[in-house]
Amino acid sequence: MSDNDQFVIISTVFSQNGHIPPQYTCEGKNINPPLIVKNIPDGTKTLALIVEDPDASRGTFDHWVCWNISPNEAITEGSMPGINGTNSFGKTGYGGPCPPSGEHRYFFKVFALDAELDLRAGSGKKELVDAMKGHVLATAELMGLYEKHKHAVAGR
């Protein structure tokens, strides 16, 4: 497999190590950015997606957990692909970056799986990671940065 055929996840609104636009955060519309998954390996039945912030003060904060996404399904802006689990906000679906202070890193991780997962909607990241064991064909990640604008209300 050449680098051109590598399994990747990209976005049309921010680049690797780039800044996530405010509309995809708690300061904007709080909707997911569009994501494109390329060079999906043969044998992939479904995709899973985990978006997390490892820079949160209380440990890694999960912003989006979803699975059983069709490899042919576009992950469009503001969409709810596949089955959505519970994030660290205690809600299902996407919760955008909202760091209390400083710039945080947000990792958009996609997993190519050789199976459809038997996991109920609303499950958390731990259940998803456990369910994926032995089924991951490939992984890819995209990292974006976000820092709240100075005028933001403190304590949110």
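The number of residues in the range 22-31 being over 15 Å from the mean Cα position of the chain (by Cα) and either assigned to a strand (DSSP E or B) or not charged (D, E, K, R) (or both) comes to 4. Across the range 72-95, the qualifying residues are those that are more than 21 Å from Glu27 (Cα to Cα) and modelled with pLDDT under 95, and the one among them that is farthest from the chain's Cα centre (by Cα) is Asn72. Does at least one position in the range 96-114 carry a residue that is assigned to a strand (DSSP E or B), within 14 Å of Gly144 (Cα to Cα), touching a residue at least 12 places away in the same chain (Cβ under 8 Å) and over 15 Å from the mean Cα position of the chain (by Cα)? Checked against the condition, which is being assigned to a strand (DSSP E or B), within 14 Å of Gly144 (Cα to Cα), touching a residue at least 12 places away in the same chain (Cβ under 8 Å) and over 15 Å from the mean Cα position of the chain (by Cα), the range 96-114 yields at least one hit. Quick check: anything in the range 103-110 of a type outside the set (A, V, I, L, M, F, W, C) and within 21 Å of Lys133 (Cβ to Cβ)? Looking through the range 103-110, at least one residue is of a type outside the set (A, V, I, L, M, F, W, C) and within 21 Å of Lys133 (Cβ to Cβ). Scanning the range 32-53 for residues that are under 12 Å from the mean Cα position of the chain (by Cα) and either closer than 20 Å to Ser88 by Cβ or part of a loop (DSSP other than H, G, I, E, B) (or both) returns Asn32, Pro33, Pro34, Leu35, Ala48, Leu49, Ile50, Val51, Glu52, Asp53. Show the residue pairs that are 6+ apart or on different chains and have beta-carbon atoms under 6 Å apart, the first residue being within the range 56-76 and part of a loop (DSSP other than H, G, I, E, B), the second being at pLDDT 95 or above. Pairs that qualify, where the first residue is part of a loop (DSSP other than H, G, I, E, B) and the partner is at pLDDT 95 or above, are Thr60/Glu52; Thr60/Pro54; Pro71/Ile40; Pro71/Thr44; Pro71/Leu47; Glu73/Pro81; Thr76/Pro34. Scanning the range 1-59 for residues that are buried (at least 17 other Cβ atoms within 10 Å of the Cβ) and small (Gly, Ala, Ser) yields Ser11, Ala48.
Contact annotation: no residue pair with Cβ atoms under 8 Å, 6 or more positions apart or on different chains, pairs a residue in the range 2-14 that is under 13 Å from Val110 (Cα atoms) with a partner that is of a type in the set (Gly, Ala, Ser) and at pLDDT below 85.
Being closer than 17 Å to Pro22 by Cα and either modelled with pLDDT under 95 or of a type in the set (A, V, I, L, M) (or both) narrows it down to one residue among Val51, Val37, Val129, Val65; which is it?
On the way: Val37 fails: closer than 17 Å to Pro22 by Cα; Val129 fails: closer than 17 Å to Pro22 by Cα; Val65 fails: closer than 17 Å to Pro22 by Cα.
Exactly one of Val51, Val37, Val129, Val65 is closer than 17 Å to Pro22 by Cα and either modelled with pLDDT under 95 or of a type in the set (A, V, I, L, M) (or both), namely Val51.
Checking Asp62, Asp55, Asp42 one by one, the residue that is touching a helix residue (DSSP H, G or I) at 6+ places or on another chain (Cβ under 7 Å) and of a type in the set (Asp, Glu) is Asp62 and no other.
The values are calculated or read from the model by the stated rules, or taken from the named source; none is laboratory data. Keep in mind that this is a model prediction, so the values were computed, not measured. For neighbour counting, all protein chains shown are included, and Cβ atoms are generated from backbone atoms with ideal geometry for every residue, glycine included.
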